[in-house]
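K.L.:
Questions regarding the structure given below will be posed in turn.
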Amino acid sequence: MSSISPNPLTVAVVILNWNGEALLKTYLPDLVANTTYPNARLIVADNGSTDQSFDVVESIPEIEWLPLEKNYGFADGYNRCLQQIEVDIYILMNSDIRASKGWLEPLIHTFEKDKSIAIQQPKIMDDKKHDFFEYAGASGGYIDTMGYPFCRGRIMDHLEKDDHQYDDLKQVFWASGACFAIRSSMWHRLGGFDTIFWAHMEEIDLCWRANNLGGNVYVNPASKVYHLGGGSLPYGNPKKTYLNFRNNLILLSRNLHKSERFTTLLKRMILDGVASMVFILKGEFNLVPQVLKAHRDFYRSKSKIQKYRKGKEFKKRSELPIYQGCIPLLSSLCSIRKYSQLKHH
């Protein structure tokens with residue numbers, strides 16, 4: 001590994017916490033022990049917790065405490081706390097991330113080496129099964145032509161074992177909100193997360209906007225962390241289903257080129273109807289109303305989306321690292337289970 005530059009980048013690793021006392025007890029000690037980069041601050045920004053989170057942080061002198069007066073959600077919570085932190089690089093990290101030794105240096109050295117890179121994520125492994133990729137990010141994120149997210153190492157719900165098949169530094173489309181690094185200059189240029197999302201997919205929107213401005217997004221597998229997953233909303237939770245369906249429609253409506261917007265959203269609405277039928281066939285009846293509610297609230301947000309789009313330039317999908325296929329169809333009809341099975345990607 002190369003030596004640290006004479007003027008090292010300043011870094012803030014920021015964990016947004018809400019009633020995460022148990023997770024902080026479990027994961028903060030590893031973060032402190034394994035963060036060896038000398039120019040980093042470790043900060044817990046608290047979203048108005050009512051548990052004993054403060055006592056946990058106070059017992060670890062290496063961790064700073066940054067309180068917010070109430071729960072602003074993931075997006076606005078980070079926006080508010082990062083306004084108060086002046087460093088070169090922000091690293092947004094979930095409270096259920098286990099850092100591996102020396103995880104931070106590869107990210108910093110790559111930022112120093114390549115000024116075109118605006119955002120990076122480490123390789124994200126499953127903290128329950130350390131040799132498997134974790135759902136929320138794996139080894140870098142993409143979306144398909146219909147807006148469905150997938151990763152190197154995760155197609156739909158199929159998680160791959162890590163056999164070092166995705167260990168190359170590679171441009172991707174999005175970096176996982178579970179743990180990613182961004183130049184503070186790009187963060188402020190983008191205005192941070194858009195609070196229309198509240199939680200889920202705001203990081204994909206952020207990365208899409210960075211891509212539109214020429215800020216490249218990379219996965220850097222030389223850096224590795226482990227993610228518990230489901231720490232805020234567990235998989236299969238009705239609210240998570242609602243947010244994923246609503247926010248995906250918002251994501252597409254906000255960022256697609258005007259020539260692609262109408263037809264893509266129409267196709268997505270049809271596919272969402274198919275997804276509702278699948279929920280019924282699986283007996284997951286409680287999730288169907290969440291899809292309907294998501295569509296209702298998407299329509300209610302259209303005026304905000306139009307206001308956001310006014311006067312902005314948008315790249316076509318072919319100009320971005322977007323996969324020109326439909327992942328759910330490929331998965332169900334062609335038995336695609338691994339990223340390496342995708343052609344021309």
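The values are calculated or read from the model by the stated rules, or taken from the named source; none is laboratory data. Treat the numbers as computed from the prediction; the structure is a model and nothing was measured. Cβ coordinates were reconstructed from backbone atoms using ideal geometry, including for glycine residues, and neighbour counts include every protein chain displayed.
K.L.:
Would you say Tyr37 is part of a loop (DSSP other than H, G, I, E, B), of a type in the set (Phe, Trp, Tyr) and either in the same structural domain as Leu169 (by TED's automatic domain parsing) or within 28 Å of Asp168 (Cβ to Cβ) (or both)?
P.N.:
Criteria met by Tyr37.
K.L.:
Based on what the data block shows, is Ser59 in contact with a Gly (Cβ under 7 Å, 6 or more places away or on another chain) and more than 21 Å from Ala181 (Cβ to Cβ)? Outline the logic, then answer.
P.N.:
Details: in contact with a Gly (Cβ under 7 Å, 6 or more places away or on another chain): no; more than 21 Å from Ala181 (Cβ to Cβ): yes.
In short, no.
K.L.:
Another question, then. Any idea how many residues of the range 50-82 are part of a loop (DSSP other than H, G, I, E, B) and without any contact (Cβ under 8 Å) to a residue 12 or more places away in the chain?
P.N.:
Our first condition is that a residue be part of a loop (DSSP other than H, G, I, E, B); within the range 50-82, this holds for 50-52, 59-62, 69-72.
If we keep only those that are without any contact (Cβ under 8 Å) to a residue 12 or more places away in the chain too, we end up with 59, 61.
Number of matching residues: 2.
K.L.:
If I filter the range 7-29 for residues that are out of contact with any Lys or Arg (no Cβ under 9 Å at 6 or more places or on another chain), in a loop (DSSP other than H, G, I, E, B) and modelled with pLDDT under 95, do I get at least one hit?
P.N.:
Scanning the range 7-29 turns up at least one residue that is out of contact with any Lys or Arg (no Cβ under 9 Å at 6 or more places or on another chain), in a loop (DSSP other than H, G, I, E, B) and modelled with pLDDT under 95.
K.L.:
So, in the range 39-79, exactly how many residues are under 17 Å from Tyr27 (Cα atoms) and aromatic (Phe, Trp, Tyr)?
P.N.:
Residues in the range 39-79 being under 17 Å from Tyr27 (Cα atoms) and aromatic (Phe, Trp, Tyr): 2 in total.
K.L.:
Just to verify a result, which residue in the range 104-119, among those that are assigned to a loop (DSSP other than H, G, I, E, B) and under 21 Å from Leu213 (Cβ atoms), is nearest to the chain's Cα centre (by Cα)?
P.N.:
Narrowing the range 104-119 to residues assigned to a loop (DSSP other than H, G, I, E, B): 104, 114-116.
Cutting the leftovers down to under 21 Å from Leu213 (Cβ atoms) gives us 114-116.
Numbers: Asp114: 22, Lys115: 21, Ser116: 20 Å.
The qualifying residue nearest to the chain's Cα centre (by Cα) is Ser116.
K.L.:
The conditions are (1) modelled with pLDDT of 95 or more; (2) within 28 Å of Phe150 (Cβ to Cβ); (3) not aliphatic (A, V, I, L, M), and Phe74 fails exactly one of them. Which is it?
P.N.:
Of everything listed in (1) modelled with pLDDT of 95 or more; (2) within 28 Å of Phe150 (Cβ to Cβ); (3) not aliphatic (A, V, I, L, M), Phe74 misses just condition (1).
K.L.:
Can Ser185 be described as outside any strand (DSSP E or B), more than 24 Å from Ser253 (Cα to Cα) and of a type outside the set (A, V, I, L, M)?
P.N.:
On the way: outside any strand (DSSP E or B): yes; more than 24 Å from Ser253 (Cα to Cα): yes; of a type outside the set (A, V, I, L, M): yes.
Taking the combined requirement at face value, the residue satisfies it.
K.L.:
Does the range 173-195 hold any residues that are at pLDDT 95 or above and surrounded by fewer than 23 Cβ atoms within 10 Å (Cβ to Cβ), and which are they? Outline the logic, then answer.
P.N.:
Filtering the range 173-195 down to residues at pLDDT 95 or above leaves 173-194.
Of everything in the range 173-195, those that are at pLDDT 95 or above and surrounded by fewer than 23 Cβ atoms within 10 Å (Cβ to Cβ) turn out to be Phe173, Arg183, Ser184, Ser185, Met186, Trp187, His188, Arg189, Leu190, Gly191, Gly192, Asp194.
K.L.:
Among the residues that make up the range 120-140, is at least one of them farther than 15 Å from Val225 by Cα and not hydroxyl-bearing (Ser, Thr, Tyr)?
P.N.:
Filtering the range 120-140 for residues farther than 15 Å from Val225 by Cα gives none.
No: zero hits.
K.L.:
For the range 120-136, indicate whether the set of residues that are within 24 Å of Ser335 (Cα to Cα), in contact (Cβ under 8 Å) with a residue 40 or more places away in the chain, buried (at least 22 other Cβ atoms within 10 Å of the Cβ) and not aliphatic (A, V, I, L, M) is non-empty.
P.N.:
yes
K.L.:
Oh, and also: For the structure I just gave you, tell me whether Ser223 is modelled with pLDDT of 95 or more and either among the aromatic types (Phe, Trp, Tyr) or not in a strand (DSSP E or B) (or both).
P.N.:
Working: modelled with pLDDT of 95 or more: yes; either among the aromatic types (Phe, Trp, Tyr) or not in a strand (DSSP E or B) (or both): no.
No: the conditions fail for Ser223.
K.L.:
Would you be able to tell me the number of residues in the range 257-303 that are within 19 Å of Thr241 (Cβ to Cβ) and either among the β-branched types (Val, Ile, Thr) or outside any helix (DSSP H, G or I) (or both)?
P.N.:
Final tally of qualifying residues: 10.
K.L.:
Which condition number does Gly48 fail, the rest of (1) at negative phi; (2) surrounded by fewer than 21 Cβ atoms within 10 Å (Cβ to Cβ) being met?
P.N.:
Going through the list (1) at negative phi; (2) surrounded by fewer than 21 Cβ atoms within 10 Å (Cβ to Cβ), Gly48 breaks only (1).
K.L.:
Something else about it: On the given criteria, is Trp198 on the phi > 0 side of the Ramachandran plot, of a type in the set (Phe, Trp, Tyr), assigned by TED's automatic domain parsing to the domain that holds Gln120 and not in a strand (DSSP E or B)?
P.N.:
Numbers: on the phi > 0 side of the Ramachandran plot: yes; of a type in the set (Phe, Trp, Tyr): yes; assigned by TED's automatic domain parsing to the domain that holds Gln120: yes; not in a strand (DSSP E or B): yes.
Criteria met by Trp198.
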